[in-house]
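Shown next, in structure tokens, is the structure this report addresses.
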Amino acid sequence: MLHPAQLPIEKLLAECETKRTRGSGPGGQHRNKVETAIVVEHLPTGLRGEASERRSQQQNRQQAIFRLRVKLALRVRHEPTAQLSKLWRQRATSGRVSVNAQHEDFPALLAESLDVIDANSYSIRTSAEFLGVTASQLVKFLKVEPAALVHVNRERQTRGDSPLR
């Protein structure tokens, strides 16, 4: 079973409720008259992704889905599979993970790495070995999403391990 952040968009949206609303704040008449703000709520977890900064409803929808996928990656843990995903194997080469934080693959990769780290009791070295990257590159990848690093450090501290820098 896939982590919700790794699901294809259509399958993820089948588990969600999408609402259109009017954006708040500055933006003039267009913003106040048109429902371009989007809220996507993942019903099984109650997590929500929201976006209202664009004038286009479609762009806000894409951003809200992306934000929801990142939240799912950060807050939902699954038992990792015995093999790395095809996506991870494609993106992790030569000991590094190469993906932009705004790329659509980022939430799925973040979810997979956090699941592996959780399964390895937050040992970065062991997790990095399994993921086929260096420990420093894994930490660098986590730093791309500050909330991921905060989560890992919090868990490490509860186990008596030193925080990552």
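Here are a few things to note about the model shown:
- Residue within the range 60-79 that is part of a helix (DSSP H, G or I), touching a helix residue (DSSP H, G or I) at 6+ places or on another chain (Cβ under 8 Å) and surrounded by fewer than 17 Cβ atoms within 10 Å (Cβ to Cβ) present: no
- Residue within the range 92-100 that is under 17 Å from the mean Cα position of the chain (by Cα), among the hydroxyl-bearing types (Ser, Thr, Tyr) and within 14 Å of residue 5 (Cα to Cα) present: no
- Those residues of the range 71-91 which are under 14 Å from residue 130 (Cα atoms) and under 16 Å from the mean Cα position of the chain (by Cα), in sequence order: 80, 85, 88
- From 48, 125, residue being at pLDDT 95 or above, part of a helix (DSSP H, G or I) and surrounded by fewer than 22 Cβ atoms within 10 Å (Cβ to Cβ): 125
- Residues of the range 99-114 satisfying the condition of being more than 16 Å from residue 47 (Cβ to Cβ) and surrounded by 14 or more Cβ atoms within 10 Å (Cβ to Cβ): 99, 105, 106, 109, 112, 113
- Residue 149 vs. criteria surrounded by 13 or more Cβ atoms within 10 Å (Cβ to Cβ), assigned to a loop (DSSP other than H, G, I, E, B) and of a type in the set (A, V, I, L, M): no
- Selection count, the range 30-45, where residues are crowded, with 16+ Cβ neighbours inside 10 Å and either assigned to a helix (DSSP H, G or I) or free of Cβ contacts under 8 Å to residues at least 12 places away in the same chain (or both): 1
The values are calculated or read from the model by the stated rules, or taken from the named source; none is laboratory data. The structure presented is a predicted model; accordingly, all values stated were derived computationally and were not measured. Every residue, glycine as well, gets a Cβ built from its backbone with ideal geometry; the counts of neighbours run over all protein chains shown.
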